[in-house]
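Worksheet: one structure, shown below.
The values are calculated or read from the model by the stated rules, or taken from the named source; none is laboratory data. On a predicted model such as this, the values are computed, not experimentally measured, just so you know. Every residue, glycine as well, gets a Cβ built from its backbone with ideal geometry; the counts of neighbours run over all protein chains shown. Heavy atoms of the whole protein, side chains included, go into the accessibility calculation; ligands, DNA and RNA do not. Shrake-Rupley method; radii C 1.70, N 1.55, O 1.52, S 1.80 Å.
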Amino acid sequence: MYDYDVIVVGGSNAGGFAAAAAAERGKKVLVIDKTSTVEHLYRHWLGGVNTKAQQKAGVKIDKNDLAQYLTTFTQDNVDQKLIWVWINNSGEAMDWLEDKILKPKGDHLYSETDAHYETLINKAFPTEHHVTADDKSDDKGYGNYILEYAHDKGADFKYNTKLEHLIVNRENKVIGIEVKDTKTNEIYKIMANDGVILCTGGYGANKALLQKWNPTILKKCCYTQSPRDDGSGIEAAMEIGAVRDDESASIIFNRGVVPVGTNSKDTYIIDWKNHQYNLGSFMFLKVNLNGERFFNESVPYQFDMNSLMHQPGNMEVLIWNEDTMNHLKDFHTLGCSRVGWPGNKEISERKIQNEEKVKEGLVQKADSIEELADKLHLPKEKLVETVKRYNELAHKGVDEDFGKEKSRLLPVDGAPYYGAWFSGVLLATLDGLRINDHMQVLNENNDPIEGLYAAGNCSGGFFWGSYEDRVPGLTCSHAQTFGRLAGKYIG
């Protein structure tokens, strides 16, 4: 007998769900995490398909339509089986969360019914849920309830414990892990009868791996908010013959506000600080550093950042005015850029935040476009020309240049004017270890490595290129659903 039946490496979204599922089966479970706590890491934008909460709200999602959308979005550079695994199992995972974890704590899942879209590029699905007690606010601490539940079912937890290597027997079956105590630097082994579930996240905080696997991130993004994502789980699996996705994937927010004059080539900040300014995700007039409009601003977040690969300095500048702020709800944004609960700040709060950004120097305020151009280091004549043309199109109600829908084509006409430089914020890399539909990690022959499972952002085959933000809550739900399935299947 070894120390445990199942070892889960990483205790956040995928890991918590994996540990709870394995413990429910009577497995002796250990969860390790290299940090001192994971309670703040549980995402509160949760996707799901045809959940009880959605049924109660009258939301019905066509599974085949969603599967075709996800396959088309990724140009079939994914394992279609995994798409269907998520579609067919995310509802059960969310129902389990609500019934077993949330309701005993006085919470429930709120189903977001609005998935407004008008154009093909913005096709959207009402997949999002929120953990709430009052349908007015999120319970962002619900991760504690999952950890408590897994512990009550018998799971042990070791924090400040970092995976160094996987341990295999002569048949290359994973039978344990070698770890390091991050406080004492002690190296020791922990053995497992059934195997190991990797829930270690991506590699966005490892610049060497980014240069190797996903170098354009460093052009698109000036920030990452995932400083734990060092790729160690992926590398440990590859040491024993696992293979990873051939091409990269990531989730990038187009709201990384930066000081005027920032050089993207020299800027990649790795920390927990929130560098996001949500106005970056609104479909305002956006120009390049030459003061020119260069695309249809009404696109998914990451398409916006992809476009910066073709623009000077890999930067964009948002231009808006006070009246634009009064019409934020007209943009019908989804997820965490949505105005008001279950999204983010109300218009009045956003106006206050905007003035705070002005005081910080991140947003420039001016009484004329000429003055704004000076403050933003943009060519004055070109910006004046661009704003004039944009206003003409807005008053016509037809975007003859790039085809933005009328509802999001608002004029920038009348002081005060505002502007800010924006880059990307990497939330996570999403390419990872190849897995099958039972979450088993695969080798180069597509055979499963016995005793090794993966879920969450260290697992691959599900995303490619850009994140599908018009399926709100997808990354979190992918991690939680696949974590739960790994806990069910292992052993």
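Quick one: what are the phi-derived ³J(HN,Hα) couplings along the stretch 102-111, Karplus 6.51/-1.76/1.60 with θ = phi - 60°, whole Hz, x for glycine and proline?
7, 4, x, 9, x, 9, 7, 9, 9, 8
Could you provide, to the nearest whole Å², the per residue accessible area of the stretch 252-426 with probe 1.4 Å? Walk me through the numbers on the way to the answer.
On the way: 6890 Å² over 175 residues.
Value for the stretch 252-426: 39 Å² per residue.
Can you compute 3J(HN,Hα) from phi for each residue in the stretch 17-32, using the Karplus curve 6.51 cos²θ - 1.76 cosθ + 1.60 with θ = phi - 60°, rounded to whole Hz and x for Gly and Pro?
5, 5, 4, 5, 5, 5, 5, 4, 7, x, 6, 7, 10, 10, 10, 10
Given the Cα-Cα distance of Arg25 and Asp138 and 0.36 nm per residue of separation, how much length would full extension add, in nm? Please list the in-between numbers first.
Working: separation 113, 0.36 × 113 = 40.68 nm, distance 3.03 nm.
Here the segment from Arg25 to Asp138 would lengthen by 37.7 nm.
Please compare each pair in Lys56/Lys81; Lys380/Lys404; Lys286/Lys396; Lys105/Lys153; Lys34/Lys488; Lys219/Lys375 to a cut-off of 21 Å on the Cα-Cα distance and tell me which ones are over it. Could the numbers behind the result be given before it?
Details: Lys56/Lys81 28 Å; Lys380/Lys404 25 Å; Lys286/Lys396 19 Å; Lys105/Lys153 17 Å; Lys34/Lys488 24 Å; Lys219/Lys375 24 Å.
Beyond 21 Å between Cα atoms: Lys56/Lys81; Lys380/Lys404; Lys34/Lys488; Lys219/Lys375.
Thr216 versus Lys329, label points 7 Å from Cα toward the beta carbon: distance in nm?
Between Thr216 and Lys329, the label points sit 3.8 nm apart.
Quickly work out the Thr119-to-Asn290 label distance, labels modelled 7 Å from Cα along the C-beta direction, and quote it in nm with one decimal.
Between Asn290 and Thr119, the simple spin-label model gives 2.1 nm.
In the chain, with Lys and Arg counted as +1 and Asp and Glu as -1 at Cβ, which of these residues, Ser12, Gly424, Val131, has the Cα nearest the positive end of the dipole, that is, farthest along it?
Ser12
What order do you get for 322-333, 263-274, 369-380, 353-364 when each peptide is scored by the mean count of other beta carbon atoms within 10 Å, highest first?
369-380, 322-333, 353-364, 263-274
Beyond 31 Å between alpha-carbons counts as too far, so tell me which of Lys329/Lys365; Lys180/Lys207; Lys207/Lys382 fall in that bin.
Details: Lys329/Lys365 22 Å; Lys180/Lys207 22 Å; Lys207/Lys382 37 Å.
Cα-Cα > 31 Å for Lys207/Lys382; rest within.
Any idea what angle helix 63-73 forms with the longest principal axis of the chain, computed on alpha-carbon atoms, 0 to 90 degrees, nearest 10?
70 degrees
Compute the accessible area per residue over the stretch 95-151, keeping the other protein chains in place, probe 1.4 Å, unit Å².
Working: 2500 Å² over 57 residues.
For the stretch 95-151, the per-residue accessible area is 44 Å².
Percent relative contact order of the stretch 252-426, based on C-alpha pairs within less than 8 angstrom and at least six residues apart?
Numbers: 301 pairs, mean separation 63.0, N = 175.
Reported relative contact order: 36 percent.
Mind putting a number on the dipole of the stretch 252-426 about its Cα centre? Charges go on the C-beta only, +1 for Lys and Arg and -1 for Asp and Glu, and I need it in Debye to the nearest 20. Mind showing how you got there, number by number?
Details: 22 positive and 26 negative charges, 78 e Å.
Result for the stretch 252-426 is approximately 380 debye, rounded to the nearest 20.
When the convex hull of the C-alpha atoms of the stretch 307-368 is computed, what volume per residue in Å³ does it have?
Details: hull volume 7.8 nm³, N = 62.
Convex hull volume per residue, Cα atoms: 126 Å³.
Leaving out ligands, DNA and RNA, what percent of the accessible area of the stretch 252-426 is carbon and sulfur, probe 1.4 Å?
On the way: 3320 of 6890 Å².
The computed percentage sits at 48.
Let me know the charge dipole size of the chain about its Cα centre in debye, to the nearest 20, where only the beta-carbon of Lys, Arg (+1) and Asp, Glu (-1) is charged.
Numbers: 56 positive and 71 negative charges, 82 e Å.
The calculation lands at about 400 debye.
Between (1) -0.22, -0.42, -1.00, -1.38; (2) -0.32, -0.60, -1.06, -1.30; (3) -0.19, -0.38, -0.90, -1.34, which matches log10 I(q)/I(0) by the Debye sum over Cα atoms at q = 0.05, 0.07, 0.11, 0.14 Å⁻¹ calculated for the structure shown?
The value matching this structure is (3).
For Asn274 and Lys382, what is the calculated FRET efficiency with R₀ set at 25 Å and r taken between the beta-carbons, to the nearest 0.05? Please report the intermediate quantities before stating the final value.
Values: r = 33 Å, r/R0 = 1.30.
In this case the efficiency is close to 0.15.
By per-residue mean of other Cβ atoms within 10 Å, what is the highest-first order of 307-318, 291-302?
Details: 307-318: 18.7, 291-302: 20.9.
Ranking the peptides 307-318, 291-302 by packing returns 291-302, 307-318.
Which of the peptides 44-52, 428-436 is most tightly packed, and how do the rest follow, judged by the mean count of other Cβ atoms within 10 Å per residue? Each step should come with its number before you reach the end.
On the way: 44-52: 24.2, 428-436: 26.2.
Going from most to least packed, we get 428-436, 44-52.
Determine the gain in length on full extension of the stretch Lys406-Lys173; use 0.36 nm per residue of separation and subtract their C-alpha separation, reporting nm with one decimal. Spell out each step's value before the answer.
On the way: separation 233, 0.36 × 233 = 83.88 nm, distance 5.83 nm.
Once the chain is fully extended between Lys406 and Lys173, it gains 78.0 nm.
Given H placed on each backbone N at 1.01 Å, which residues far from Ile449 in sequence or on other chains put an amide H within less than 5 Å of it?
Val441, Leu442, Asn443
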